[in-house]
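The block underneath contains the structure these notes are about, expressed in structure tokens.
The values are calculated or read from the model by the stated rules, or taken from the named source; none is laboratory data. Everything quoted here is computed from the prediction, not taken from an experiment. Ideal geometry is used to build each Cβ from the backbone, glycine not excepted, and the neighbour counts take in all protein chains shown. The area values use the complete protein model at the heavy-atom level, side chains included, leaving out ligands, DNA and RNA. Shrake-Rupley method; radii C 1.70, N 1.55, O 1.52, S 1.80 Å.
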Amino acid sequence: MRILFAGGGTAGHVNPAVAVANYIKEKEPESEFLFIGTEKGMESTLIPKQGYDIRFIKIHGFERKLSLKNIKTVGEIFSGIRNVKKIIKEFKPDVVVGTGGYVTGPVLFAAAKMKLPTLVHEANAYPGVTVRILSRFVDIVALSMAEAGKFISKSKRIEVTGNPVRPSILAGDQKTAKEKLGLGREKVILIFGGSLGAEKINSVAADWIAKTAEDGKYQIIMSTGKNNQYEKVMKRFSSKGIRLKDYPNVRVSEYIYDMDLALNAADLIVARSGGSVSEMTALGKAAILIPSPYVAGNHQEHNARAVEKSGGAIVICEDELSVETLEAAVEKVLGNEAVLEKMKKGSKSIGIPDATDKIYRLIKELLADKK
């Protein structure tokens, strides 16, 4: 099997493609893979690190206002389609799979026009404009959440597959994870705002920790993210007279490298609501979600509301986030075991742990139809 993948910009678009490629390689070791992305997106580093070949094209997103850059982007789209056609003729893929981001547009459009089997995957509850346009041309639109189907008006076929989750996360369990992390019996709260951090979450969480850490009621694992966020949080603690070395129940770091263990160990997760929502729900974790207001189409709030609707999360919009609202939400969940169990069941009810296998089977269907 020869598969051409397109997806990029953020890790949320790249990781699902990598997960599917790794799964297929495990199932069918003779398969060959090629990725198409942009040199400025995270795919330029993530894909080579996974050992896959990647080709680059130039493409940018449209600005929301009229500008000369939009005219340039139109030119890049047509140029990108021509370049993609050349790559397709050279690589000769059996199927083309897109996982979102601007680069997916010209790749899937060109592949569809060349009558190749095509599948595009949408990771969010509110589809991006690229996926909404491509849904008219591709063979299958695979959705992470059923709610996304409301925003796709025309398509040949829609399937709810879920979002691929790393096997190391699914293979874990809470007891083992807590033991490996050296945690005790107290409830564990995991706090993170993404690899680049979320300043509002960091500042409010730090103030709440400073207020409550002394009682040792909870074990807290917090990732601040990069971009000097760790230094800012440490200064915030220092200004309040808090020395973390005096509080063994609190662990704060710039980045959590063993996130598979942290996710499994957690009783409650406080986080944004991007791609990590799929990991939380696959594990059936209760969450307090603070969607980023700075993303296209406000898709993080759509993701958060979908989990809230299932009963698996409490949503706090960023402009409503404070020490008081965070503390109230934490106590509502962890202060009542019945509430916690109900939220875990709600989260689990919309989680799809076998998403990668579902997408693999759809790819095999496309190949069978081609024959």
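Below is a table of values for the structure above.
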{"item": "Top-ranked residue in segment 138-147 [being at pLDDT 95 or above and aliphatic (A, V, I, L, M); ranked as surrounded by the most Cβ atoms within 10 Å (Cβ to Cβ)]", "result": "ALA142"}
{"item": "Subset of segment 221-248 [out of contact with any helix residue (DSSP H, G or I) (no Cβ under 7 Å at 6 or more places or on another chain), closer than 14 Å to ALA210 by Cβ and not charged (D, E, K, R)]", "result": "MET234, SER238, SER239, GLY241"}
{"item": "ALA111 buried (at least 24 other Cβ atoms within 10 Å of the Cβ), small (Gly, Ala, Ser) and modelled with pLDDT under 95", "result": "no"}
{"item": "Given (1) modelled with pLDDT of 95 or more; (2) open to solvent by 60 Å² or more (accessible area, probe 1.4 Å), number of the condition LYS150 does not satisfy", "result": "(1)"}
{"item": "SER135 open to solvent by less than 30 Å² (accessible area, probe 1.4 Å) and either over 17 Å from PRO291 (Cα atoms) or over 21 Å from the mean Cα position of the chain (by Cα) (or both)", "result": "yes"}
{"item": "Residues located in segment 87-108, provided they are open to solvent by 40 Å² or more (accessible area, probe 1.4 Å) and modelled with pLDDT of 95 or more", "result": "LYS89, GLU90, LYS92, ASP94"}
{"item": "Segment 204-236, subset assigned to a helix (DSSP H, G or I) and farther than 20 Å from ILE316 by Cβ, residue least open to solvent (accessible area, probe 1.4 Å)", "result": "ALA213"}
{"item": "Condition check for LYS187: open to solvent by 70 Å² or more (accessible area, probe 1.4 Å), touching a residue at least 12 places away in the same chain (Cβ under 8 Å) and not hydrophobic (A, V, I, L, M, F, W, C)", "result": "no"}
{"item": "Of residues in segment 344-371 being of a type in the set (S, T, N, Q) and open to solvent by less than 20 Å² (accessible area, probe 1.4 Å), the one farthest from the chain's Cα centre (by Cα)", "result": "SER347"}
{"item": "Tally of residues being within 18 Å of the chain's Cα centre (by Cα), open to solvent by 70 Å² or more (accessible area, probe 1.4 Å) and under 22 Å from PRO353 (Cα atoms) across segment 11-48", "result": "1"}
{"item": "Condition check for MET280: farther than 26 Å from HIS121 by Cβ, touching a residue at least 24 places away in the same chain (Cβ under 8 Å), of a type in the set (A, V, I, L, M) and open to solvent by less than 60 Å² (accessible area, probe 1.4 Å)", "result": "no"}
{"item": "Count of residues meeting criterion [surrounded by 23 or more Cβ atoms within 10 Å (Cβ to Cβ) and among the acidic types (Asp, Glu)] in segment 237-269", "result": "0"}
{"item": "Residue within segment 277-286 that is modelled with pLDDT under 95 and of a type in the set (Ser, Thr, Tyr) present", "result": "yes"}
{"item": "Residue satisfying condition, being open to solvent by 50 Å² or more (accessible area, probe 1.4 Å) and among the basic types (Lys, Arg), within set ARG305, ARG272", "result": "ARG305"}
{"item": "Complete set of residues in segment 49-68 that are surrounded by 13 or more Cβ atoms within 10 Å (Cβ to Cβ) and modelled with pLDDT under 90", "result": "ILE57, LYS58, ILE59, HIS60, GLY61, PHE62"}
{"item": "Set GLU327, GLU341: member being open to solvent by 40 Å² or more (accessible area, probe 1.4 Å) and without any contact (Cβ under 8 Å) to a residue 60 or more places away in the chain", "result": "GLU341"}
{"item": "Search result, residues across segment 286-314 that are within 15 Å of LYS342 (Cβ to Cβ), in a helix (DSSP H, G or I) and of a type outside the set (Ser, Thr, Tyr)", "result": "VAL307, GLU308, LYS309"}
